[in-house]
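The structure appears right after this line, and notes come after that.
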Amino acid sequence: MELRCKSTKRFLMKIDIESYIEAIRKSGLSLEIPLLIEIPCRSCRAIEVYEVYKDHYRYIKSYKK
C-alpha cells in the first residue's frame, strides 16, 4: 500500500500491511485497532496522520511542527 500526501499528492511511503496482519493472524491474534502513522511531507512541510487498515488507509489530520 502506498501513502500519498493529502494536499500535494506526493509519495510518502510504501507499507506492507498485508504481511504484517498475516503474521499477527498466524500467531493467533486478531488486529482490530488500526495502525496510527505520522509521516512528515517534504513538500508542504506538514506532518500527516493516517490510520492504516488491512485494505485501505484513512487520512486523519495534518499539522505543522
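The values are calculated or read from the model by the stated rules, or taken from the named source; none is laboratory data. Because the structure is predicted, anything quoted here is derived from the model rather than measured. Calculation scope for accessible area: heavy atoms of the full protein, side chains included, ligands and nucleic acids excluded. Shrake-Rupley method; radii C 1.70, N 1.55, O 1.52, S 1.80 Å.
A 20 angstrom limit on the alpha carbon distance is what I want to check against. Which of Lys14/Lys64; Lys6/Lys65; Lys9/Lys64 exceed it?
Lys14/Lys64, as the Cα separations exceed 20 Å there.
Rounded to whole Hz and in sequence order, give me ³J(HN,Hα) for the stretch 39-52 from the Karplus expression 6.51 cos²θ - 1.76 cosθ + 1.60, θ = phi - 60°, writing x for Gly and Pro.
Couplings: 10, x, 9, 6, 6, 8, 6, 10, 9, 9, 10, 10, 9, 10 Hz.
Enter the accessible area per residue of the chain (Å², integer; probe 1.4 Å; all protein chains in place).
Heavy-atom accessible area per residue stands at 76 Å².
What is the helix-to-structure angle for 17-26, meaning the angle in degrees between its Cα long axis and the longest Cα principal axis of the chain, kept from 0 to 90 and rounded to the nearest 10?
Computed tilt is about 20 degrees.
Shape call for the chain from the C-alpha gyration tensor, a ≥ b ≥ c root eigenvalues: rounded (a/c under 1.5), prolate (a/b greater than b/c) or oblate?
Prolate is the answer for the chain, as a/c is 1.5 or above and a/b outweighs b/c.
Quote the relative contact order of the chain in percent (integer), defining contacts as alpha-carbon pairs under 8 Å separated by 6+ residues.
Relative contact order here is 26 percent.
With a 1.4 Å probe and all protein chains left in place, how much of the accessible area of the chain comes from carbon and sulfur atoms, in whole percent?
The value for the chain is 52 percent carbon and sulfur by accessible area.
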